[in-house]
Amino acid sequence: MSTLGPIKPSSSQSASAIMDSISRSSATKLGREAAEVGWKLARSTGKAAWIVGTTFLVLGLPLIFAMEQEASINDMIQNEQDQIRAILGTAS
């Protein structure tokens, strides 16, 4: 079993020339564009999540509390009516 040593550039190409050719390749350009699009998507998704979250806090929670309070009041009224019917002996 033999191990491969590090790849050495030929005398006509230096390491910087190889890096330059890699950085100018179309795959590198596509990768950079994909990273840029991904970053923009992440930023816009974060903004959308912030908008949805704050809208829920401002509009949704007070609505939920009001509905819960109304349900509690309706239950109290129903219990009082049931007690009055039980005292008076009338059927529902």
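Looking at Ile7, Ile87, which one is part of a helix (DSSP H, G or I) and either at pLDDT below 75 or of a type in the set (A, V, I, L, M, F, W, C) (or both)?
On the way: Ile7 fails: part of a helix (DSSP H, G or I).
One residue alone meets the criteria, Ile87.
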Index of the failed condition, Ser25 passing every other in (1) modelled with pLDDT under 90; (2) of a type in the set (Gly, Ala, Ser); (3) within 20 Å of the chain's Cα centre (by Cα):
(3)
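The values are calculated or read from the model by the stated rules, or taken from the named source; none is laboratory data. Predicted model, so just to flag it, every value in this text is computed and none were measured.
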